[in-house]
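The next block holds one structure in the form of C-alpha cells; read it before the comments.
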Amino acid sequence: QSTWAPKKRSAKPKKTGSRDEREIAALLEDMDTEWRPSAAFYSTKRLRGIHTTAAEYVNPLEGYRDPITLDAIEAPAISPYGHVCGYTSWRMSLDGRDICPFTKNPLTMKDIVTLTPENIEQYRDKIVYL
C-alpha cells in the first residue's frame with residue numbers, strides 16, 4: 001500500500017493580487033484618501049441665497065441652538081415634522097440617507113424649508129421644542 005502525501009511547497013511567500021493592484025494599494029496608503037467637501041458645500045451665504053452679505057442677514061431664530069451640533073443656528077431650516085436645525089446640519093445628516101435623524105421617517109432635502117424673517121410666522125407654530 002502506498003500512502004498519499006501532499007506536495008511540498010516552496011518557502012516563498014505567496015503574493016496576493018497583481019503587481020498593479022499592489023502598486024495601487026501602496027499609493028493609496030501614502031495618500032490621504034478621506035473625502036472632504038469643499039468650503040462652498042458648507043457656505044451659509046450660498047444656502048441663504050437671498051442675502052448677499054452676512055451683515056444683511058437677519059436670523060429669525062437668534063440664539064436658538066442646533067440640536068445636532070449644539071451650536072447657535074446660522075441658517076435655520078425646518079423639516080415637515082417640525083424639527084429645526086441649521087441648513088448645513090440637515091445637509092450633513094441627510095446626505096445619502098434620506099431619513100429624519102429625529103423621527104426616522106423618510107425625509108429629503110427637498111422637504112426642508114429655510115426659515116427667513118419673511119416666512120418665520122408661517123412656521124413658528126409648527127416648530128417642535130422651541
(message) Please compute the length gained on full extension between residue 127 and residue 62, using 0.36 nm multiplied by the number of residues separating them and subtracting their Cα-Cα distance.
(response) 22.0 nm
(message) Given the whole protein assembly as supplied and a 1.4 Å probe, what does the accessible area of residue 128 come to in Å², nearest 10?
(response) 40
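The values are calculated or read from the model by the stated rules, or taken from the named source; none is laboratory data. Only a predicted model underlies this, so the values are computations on that prediction, with no experimental measurement involved. The protein model used for the area step is the full one, side chains on, heavy atoms only, and it has no ligands, DNA or RNA in it. Shrake-Rupley method; radii C 1.70, N 1.55, O 1.52, S 1.80 Å.
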